[in-house]
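Down below is the structure, laid out as structure tokens.
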Amino acid sequence: MAELLYSRTKTIQEDKVSGFCPGCMHSSVMKLIGEVIDELGIVDKTAAVLGIGCCGLQMDYMAYDNITAPHGRACAVATGMKRANPDTIYYTYQGDGDLASIGLAETMSAANRGENFTVIFVNNGIYGMTGGQLAPTTLFGMKASTAPKGRIAEEHGYPMHVCETLNQLTAPYYLERTSCNTPANVLKTKKAIKKAFQYQMEGKGFSLVEIVTSCPTNWGLDSLKALDFLEENMLKEYPLGVIRDKGMEEK
Ligand SMILES: Cc1ncc(C[n+]2csc(CCOP(=O)(O)OP(=O)(O)O)c2C)c(N)n1
């Protein structure tokens, strides 16, 4: 394994104030990842591979190593990093545009190879950073800057279910969909992230945790209305739960 350049003891840059929009769940998810890394005692051997988008802003808040991959290529970059440094714990952190649109081939290929890293997939149903363009996960009727009348099947295809699609492959070890819309779901999300990291530490292969989140700014809603929209619409299209857990099947 490559020698670490310096020793790390903390996960979060404590002096940073969140720059995310009000109601954005990226900061909650990032905090959970930090807590999990702390609890597992792996801060000195963890590195993030960040997608491009609001997800990439994580680099401002985390105190451990990270690398930003070209748009959509996080799973390909993580593949190389993990194979070169198998003792390092790698996770990718990607939005729906990054992971399921421009990066779909990289995601599917890494999952199909059963690469031993963890994917944290933040699904807010839209391209956040670039101003609300249609994503593969945009719901029917949901307006986007590139679909002003809302998603229409004939023009834009159907909302893409990433976990269910990956569940068609043989290799993935663990696939779960969670959300951060309630305190109970925040705890479930943390549990899922922890499990995914633990599976990687045990060398089990590819794990993906999809977290359904809101993007009030690009949904054109305030934070509370965005939460209602998430519960009434996003969670209907993207139901929460374990899609596959080979660890449970093996027990
Ligand atoms: C090759 C390339 N194409 C397009 C872009 C512009 N771009 C930056 S972020 C982004 C979409 C990000 O959306 P998403 O992955 O859903 O992340 P979010 O911002 O919602 O977290 C796009 C299209 C880019 N940076 N590089």
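Every number in this text was worked out from the coordinates using simple rules, so none of it is lab data. Note that the structure is a prediction, hence the values are computed from the model and not measured. Cβ atoms come from the backbone with ideal geometry, glycine included; neighbour counts cover every protein chain shown.
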Amide H proximity to Val49 below 5 Å, modelled H, separation 5+ or other chain, gives Ile67, Tyr91, Thr92, Tyr93
Count of lysine pairs, segment 28-249, Cα-Cα under 15 Å, sep. 8 or more residues or interchain, comes to 10
Length-normalised contact order of segment 150-251, Cα under 8 Å, at least 6 apart, in percent, tallies to 36 percent
Two pseudo-spin positions, 7 Å from Cα along C-beta at Asn233 and at Arg113, lie apart in nanometres by 3.8 nm
So, relative contact order of segment 160-210 in percent, Cα under 8 Å, 6 or more apart, is 44 percent
Applied in sequence order to segment 143-150, the curve 6.51 cos²θ - 1.76 cosθ + 1.60 (Karplus, θ = phi - 60°) yields integer Hz couplings, x standing for Gly and Pro, of 7, 9, 5, 9, 9, x, 8, x
Length-normalised contact order of the chain, Cα under 8 Å, at least 6 apart, in percent, tallies to 19 percent
Diffing segment 40-57: the Karplus 3J(HN,Hα) column from phi (6.51, -1.76, 1.60, θ = phi - 60°), in whole Hz with x for Gly and Pro, holds 7, x, 10, 4, 7, 9, 10, 9, 9, 10, 9, x, 9, x, 4, 4, x, 5
If each part is reduced to its alpha-carbon centroid, segment 207-228 and segment 75-117 end up apart, in Å, by 24 Å
GNM of the chain, Cα pairs under 10 angstrom: of Thr189, Thr46, Thr107, the biggest fluctuation goes to Thr46
Sorted by chain and number, the residues with a modelled amide H under 5 Å from that of Ala135, at a separation of 5 or more or across chains, are Tyr127
With Cα springs under 10 Å, the Gaussian network model of the chain assigns the largest mean-square fluctuation among Ala84, Ala192, Ala111 to Ala84
